[in-house]
Amino acid sequence: MVDVPTLVEQARAGGPRAVARLISLVEGASPHLREVMAALAPLAGNAYVVGLTGSPGVGKSTSTSALVSAYRKQGKRVAVLAVDPSSPFSGGALLGDRVRMSDHASDPGVYIRSMATRGHLGGLAWAAPQAIRVLDASGFDVVLVETVGVGQSEVEIASQADTSIVLLAPGMGDGIQAAKAGILEIGDVYVVNKADRDGADATARELNHMLGLGESRGPGDWRPPIVKTVAARGEGVDEVVEALEKHRAWMEERGVLGERRAARAAREVETIAVTRLRERIGSLHGDRRLDALAERIVAGRLDPYAAADELVAGLTGEG
């Protein structure tokens with residue numbers, strides 16, 4: 001038996017077990033999920049959601065850990081949602097709760113959760129938007145979403161975060177990779193990590209040049225800054241936080257933050273609706289209605305698009 005009101009109350013009070021249980025209900029598509037989301041809806045909307053993306057090896061986990069430290073110095077409660085590859089055996093997150101973030105494990109103001117992609121393209125678990133809502137409603141000031149480095153599909157983080165950080169590192173061919181993956185179009189803040197290595201200045205210059213190509217920003221539009229860091233030593237991290245706060249202030253001033261959150265909610269509703277329709281269509285295999293439509297197509301009396309229209313109308317009660 002799941003006592004949703006008690007779980008929500010405990011999560012709001014900072015109980016990590018309650019937060020973990022709520023996210024597990026989300027991941028497992030629990031029958032209680034509707035009740036959970038209804039209880040959380042009026043409590044969410046206050047957390048600042050920051051996404052971190054980039055190719056494997058650029059130091060996403062180390063940078064995330066450094067950002068946690070920086071925000072904790074400001075007295076803010078921080079949650080980390082680390083979206084990892086799925087185990088082919090258990091379906092769980094392969095990298096677990098991130099050994100590199102173990103420094104924060106005993107801090108009651110920090111909550112770290114790994115979530116498996118479960119085969120979902122784009123580097124984000126399908127349940128990530130609802131997990132973010134759980135963390136938001138639980139009273140965290142900042143939610144950091146660190147994604148799997150999966151290349152071209154990585155741009156999906158831009159649809160889930162208020163501000164997106166794109167991480168690069170010298171000597172990894174990131175300039176070419178960034179252009180190919182399209183991540184130059186989604187970054188709000190760019191970070192050249194491992195800046196103590198040779199080639200860091202050249203990487204920053206190349207990135208600045210590429211950002212300028214085809215630029216069509218008007219006066220007052222946001223120009224993504226480029227920050228150099230050595231996350232393993234905490235160098236440059238305060239400058240990243242400063243860039244994030246400037247971007248947040250710019251979005252709030254121009255109403256962009258509200259627009260992004262509304263667009264995010266619209267995509268979430270669309271995903272839920274499409275998923276429900278897909279489940280209903282999936283249950284039609286062997287159903288006489290589907291077989292009848294197929295027979296009419298084979299006989300040339302109906303085309304597939306018209307058949308799909310009839311099927312959707314029947315499922316939704318239209319027509």
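Rounded to the nearest 20 debye, the dipole size of the stretch 204-319 about its Cα centre is 80 debye, using +1 on the Cβ of Lys and Arg and -1 on the Cβ of Asp and Glu. Taking a straight Cα-Cα cut-off under 15 Å and skipping sequence neighbours fewer than 8 places away in the same chain, the aspartates and glutamates within cross-link reach of Lys76 are Asp107, Asp136, Asp141, Asp238, Glu242, Glu245. Toward the positive end of the charge dipole of the stretch 181-298, with +1 on the Cβ of Lys and Arg and -1 on the Cβ of Asp and Glu, the farthest Cα among Leu290, Asn208, Leu184 is that of Leu290. A 1.4 Å probe run over the stretch 181-279, with the rest of the protein chains in place, finds 58 Å² accessible per residue. Carbon and sulfur: what percent of the stretch 1-83's accessible surface (1.4 Å probe)? Within the stretch 1-83, the accessible surface is 54 percent carbon and sulfur. Excluding Val230 itself, calculate the net charge of residues whose Cβ lies under 14 Å from the Cβ of Val230, where each Lys or Arg counts +1 and each Asp or Glu counts -1. Net charge around Val230: -2. In the full protein context, the stretch 1-86 carries 42 Å² of accessible surface per residue, based on a 1.4 Å probe and ignoring ligands, DNA and RNA.
Where does the charge balance sit around Gln10 when Lys and Arg score +1, Asp and Glu -1, over other residues with C-beta under 9 Å from its C-beta? Before the final figure, lay out each step's value.
On the way: positive: Arg12, Arg17, Arg21; negative: Glu9.
Within the 9 Å Cβ shell, the charges total +2.
Counting charges near Trp250 (Lys, Arg +1; Asp, Glu -1) among other residues having Cβ under 11 Å from its Cβ returns a value of -1.
Of the solvent-accessible surface of the stretch 233-299, computed with a 1.4 Å probe and all protein chains present, 54% belongs to carbon and sulfur.
The values are calculated or read from the model by the stated rules, or taken from the named source; none is laboratory data. As the structure is a prediction and not an experimental result, all values here were calculated from the model. Every residue, glycine among them, receives a Cβ derived from its backbone with ideal geometry; neighbour counts consider all protein chains shown. Just so you know, the surface numbers come from the protein's heavy atoms only, side chains and all, with ligands and any DNA or RNA stripped out. Shrake-Rupley method; radii C 1.70, N 1.55, O 1.52, S 1.80 Å.
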